[in-house]
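Here is the structure we will look at, set down as structure tokens.
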Amino acid sequence: MEERPFPYDVHLYDRRFLNCFQRHAVVFMKRLGIEVDWLFYNALPTAGSIFQQMVVENKPKYALQSPYFAEEDLALLGVGVHEQHAESLDDLLPVIHQQIQANGCAFLSGDVYYFAHCPEYRSKHAQHVVVLRQANANGTWDIVDDNAASVLCEYRYPQEVLDQFFQNDGGRRMFCLEWTPTPLSDIEPVIRRRHETFLNNRTDDTWFYHNLEPVLDNSLACDTTKYRALHDVFTLLAGSRHCFARYLAITAAPDVIQERVARFAEEASVLKSLMVMAQVTGKLRRRDVLERCAALAGLEADYLNDLRVASN
């Protein structure tokens, strides 16, 4: 399977925080000239919310619910997203070609089991979204999707593989993007106000940072399960703050605030890596993990206080 690198900001638009559709959408909206980085104004889910969903409710990382990517925020950018359902891929082809002609992309949902470039190929069923870029005269399609390292690449597949991908997904759907260009002068003041409201209404939940030890000691789950869930918690904390730091940069927030948010993201990434190591070796650097996790509370308190002072 030939894999061709796809140009985009790999460091910013990654899969730590964004799910597959969100990442595909922001990458391709950015290519269209849409001011997608303003959407990161509320990419700041609390640790308590992430813990509740990843550990208590045992959700997969991509299923995180947060205020980010809300319909009303997309609408402010002039963007509308709607689902189109059909019984077969052939039924969607007119819409797919229209979307590609208008936007250079169409977002198709399906089952990763059928794509050779996916780690789940012929071994695991999972819902996923890929980007259709072009239909070729020989019956193949050019698509963009994650490689094994979650970096976007270009692939080429015959339509019968796309048919299998689509037909075996329970939703049998695609996501359509509509865009009316909106001046940044109309977007910026509204987003800034929404950001201030978001900060003022945000409940600072620090329980997780100070109570990781009883989570690790919980006898109702094996170590592997706990390490995997906590890996997702720290991944989401790191990825969301990394995206949020981009919003701070484009709004020219004070350097000290940007540096504190970036440091939080870096420290959460270290904890993510320590959880990867624990899953591989079965051994956890317990004291180091507990101390680093508790330190996140102080980092977060500092930058949240600075943000609220700056916005008032």
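Between a residue in the range 60-82 that is closer than 25 Å to His125 by Cβ and any residue that is in a loop (DSSP other than H, G, I, E, B) and open to solvent by less than 50 Å² (accessible area, probe 1.4 Å), which pairs come within a Cβ distance under 6 Å, given they are 6 or more apart or on different chains?
That search, which allows pairs on different chains as well, returns Tyr62/Asn19.
Scan the range 49-58 and give yes if some residue there is touching a Pro at 6+ places or on another chain (Cβ under 6 Å) and under 28 Å from Asp204 (Cα atoms), otherwise no.
no
Scan the range 112-140 for residues that are farther than 18 Å from Val151 by Cα and crowded, with 21+ Cβ neighbours inside 10 Å and report the count.
Residues that pass the stated criteria total 1.
Considering each of Leu92, Leu77 in turn, give the residue that is touching a strand residue (DSSP E or B) at 6+ places or on another chain (Cβ under 7 Å) and at negative phi.
Values: Leu77 fails: touching a strand residue (DSSP E or B) at 6+ places or on another chain (Cβ under 7 Å).
Going through Leu92, Leu77 in turn, just one is touching a strand residue (DSSP E or B) at 6+ places or on another chain (Cβ under 7 Å) and at negative phi: Leu92.
If I filter the range 1-48 down to residues being open to solvent by 20 Å² or more (accessible area, probe 1.4 Å) and hydroxyl-bearing (Ser, Thr, Tyr), which single residue comes out as nearest to Arg156 (Cα to Cα)?
That would be Tyr8.
The values are calculated or read from the model by the stated rules, or taken from the named source; none is laboratory data. The structure presented is a predicted model; accordingly, all values stated were derived computationally and were not measured. When we count neighbours, we look across all protein chains shown, and the Cβ atoms used for this are built from the backbone with ideal geometry, even at glycine. Side chains are part of the model used for accessible areas, which takes the heavy atoms of the whole protein and leaves out ligands, DNA and RNA. Shrake-Rupley method; radii C 1.70, N 1.55, O 1.52, S 1.80 Å.
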